[in-house]
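Shown next, in structure tokens, is the structure this report addresses.
The values are calculated or read from the model by the stated rules, or taken from the named source; none is laboratory data. This is a predicted model, so every value here is computed, not measured. So basically every Cβ, Gly included, is an ideal-geometry build from the backbone, and we count neighbours across all protein chains shown. Keep in mind that these areas ignore ligands, DNA and RNA; they rest on the heavy atoms of the full protein, side chains included. Shrake-Rupley method; radii C 1.70, N 1.55, O 1.52, S 1.80 Å.
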Amino acid sequence: QVQLVESGGGLVQAGGSLRLSCAASGGTGSNLAMGWFRQAPGKEREFVSAISWNGATKEYADSVKGRFTISRENAKNTMYLQMNSLKPEDTAVYLCAAGRGNRILSQKNQYPHWGQGTQVAVSA
């Protein structure tokens, strides 16, 4: 069973930056695709970004393209999300997800493993 723990959230002013981390443990192995989702109060969980198991392929939601960068260090079993030029509409709980596969997983129902989330708040 894969366990995921997010960190790095916080309160930042609009235009600022944050870097989120997701540490994986317990049966990580190979072919572990990972992704970031976010959920704002009263809204559905939405896709933010995903990365293939070897980091070769990345995908972003249109709303974050050009501002967010996903990466991973398999030697550390850790995935990152660098968030720049943050906007108030980026405010949400950000969740890390993982699932087996050789390709990008961009749908939330493709991920069996989830972290508890880290809060990101962006003030105007």
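Restricting to strands (runs of 3 or more DSSP E) lying wholly in region 16-124: which have 1 or more residues that are within 15 Å of Glu6 (Cβ to Cβ) and open to solvent by 10 Å² or more (accessible area, probe 1.4 Å)?
Hits in region 16-124: 18-25, 32-39, 68-73, 78-83, 92-100, 118-123.
With the structure loaded, tell me whether Ala24 is of a type in the set (A, V, I, L, M) and over 15 Å from Tyr94 (Cα atoms) or whether it fails that test.
Criteria met by Ala24.
Pick from region 70-106 the residues that are free of Cβ contacts under 8 Å to residues at least 40 places away in the same chain and within 10 Å of the chain's Cα centre (by Cα): which of them is nearest to Gly55 (Cα to Cα)?
Ser71
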